[in-house]
């Protein structure tokens with residue numbers, strides 16, 4: 001059985017707002033486990049309670065009820081967090097510092113000293129792609145460069161567990177790919193990663209397990225491959241060289257066809273009639289370029305469970 005690194009049971013958090021200190025629930029009875037070596041995706045709409053839950057894990061917010069443990073130790077606990085690297089959603093970095101100075105400060109708080117601290121700082125700044133600007137004042141950096149600096153600070157202590165809140169925020173497509181590569185590298189090095197994001201394609205690409213929140217409650221949790229319906233929902237058949245006469249013929253054949261630029265896509269619901277449709281197209285002289293079965297994606301699951 002896999003070792004549990006993070007365990008949350010019955011977690012609740014209420015905030016008090018307004019003159020009358022009205023109770024506003026942010027997290028309602030959230031429970032899940034993160035196992036060692038997993039990349040765990042934590043997703044949900046804005047205001048679902050993701051950031052509040054992560055703040056409870058790192059001791060920035062006290063829960064109203066329930067428990068959370070890291071490495072078997074109840075949080076908040078300095079001992080539990082000794083092997084945790086944390087990237088907040090909007091990392092605040094003192095504007096008068098450089099990335100080198102900020103990451104060295106974070107490394108020194110984790111116990112690194114002198115040459116080991118300098119070497120590790122330069123290594124993580126290079127790993128996240130910000131070494132070229134390592135000595136610039138932070139106030140002159142872009143949002144994406146600030147995000148990379150925050151990620152370097154999370155990595156500097158060589159933690160066993162990474163908790164990342166929106167790690168791709170503010171990054172361009174190249175930056176997102178680089179961060180995805182870093183997350184996969186860290187897993188290969190034996191790390192456990194819990195990250196929240198709105199970018200569902202990244203979760204589907206990276207994660208072993210996923211938990212989806214809606215209005216502070218868990219609506220879906222488990223292995224990603226088990227949660228997604230893997231039966232074929234629809235098959236798209238891409239045709240080339242179809243003129244208006246050919247499009248009219250497809251309509252006559254009672255096929256669901258749609259023009260996309262110079263090509264035409266024929267859509268077949270499910271998979272039962274695929275062979276019949278392919279035979280019909282070939283017998284009528286159509287040029288088939290591609291046959292693409294469409295299975296359920298994380299976005300489909302998210303819309304169905306978290307929004308619908």
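Odds and ends about this structure:
- The one condition from (1) surrounded by 20 or more Cβ atoms within 10 Å (Cβ to Cβ); (2) at positive phi; (3) within 17 Å of the chain's Cα centre (by Cα) that residue 71 does not meet is (3).
- Every test in (1) modelled with pLDDT under 95; (2) farther than 18 Å from residue 40 by Cα is passed by residue 185 save one, and that test is (2).
- Residue within region 139-147 that is assigned to a loop (DSSP other than H, G, I, E, B) and over 19 Å from residue 59 (Cα atoms) present: yes
- Hits in region 174-197 (condition: out of contact with any strand residue (DSSP E or B) (no Cβ under 7 Å at 6 or more places or on another chain) and more than 17 Å from residue 83 (Cβ to Cβ)): 174, 175, 176, 177, 178, 179, 180, 181, 182, 184, 185, 188
- Taken as a whole, the structure places residue 201 among residues that are out of contact with any strand residue (DSSP E or B) (no Cβ under 9 Å at 6 or more places or on another chain), exposed (fewer than 14 other Cβ atoms within 10 Å of the Cβ) and at negative phi.
- Wholly enclosed helices (runs of 4 or more DSSP H) of region 19-128 bearing at least 1 residues not assigned by TED's automatic domain parsing to the domain that holds residue 161: none
- For region 255-273, a residue qualifies if it is at pLDDT below 85 and closer than 23 Å to residue 293 by Cβ, and the qualifying residues are 260, 261, 263, 269, 270, 271, 272, 273.
- Yes/no for residue 307 being within 30 Å of residue 35 (Cβ to Cβ) and not assigned by TED's automatic domain parsing to the domain that holds residue 56: yes
- Subset of region 208-258 that is in a helix (DSSP H, G or I) and under 25 Å from the mean Cα position of the chain (by Cα) - its residue that is nearest to residue 191 (Cα to Cα): 224
- Residue check, residue 165 crowded, with 21+ Cβ neighbours inside 10 Å and in the same structural domain as residue 57 (by TED's automatic domain parsing): yes
- Here is the figure for region 262-286: residues that are surrounded by 12 or more Cβ atoms within 10 Å (Cβ to Cβ), closer than 15 Å to residue 240 by Cα and within 36 Å of the chain's Cα centre (by Cα) total 5.
- Filter pass, residue 107 being in contact (Cβ under 8 Å) with a residue 60 or more places away in the chain, on the phi < 0 side of the Ramachandran plot and buried (at least 19 other Cβ atoms within 10 Å of the Cβ): no
The values are calculated or read from the model by the stated rules, or taken from the named source; none is laboratory data. This is a predicted model, so every value here is computed, not measured. Neighbour counts are summed over all protein chains in view; Cβ atoms, including those assigned to glycine, are modelled from backbone coordinates with ideal geometry.
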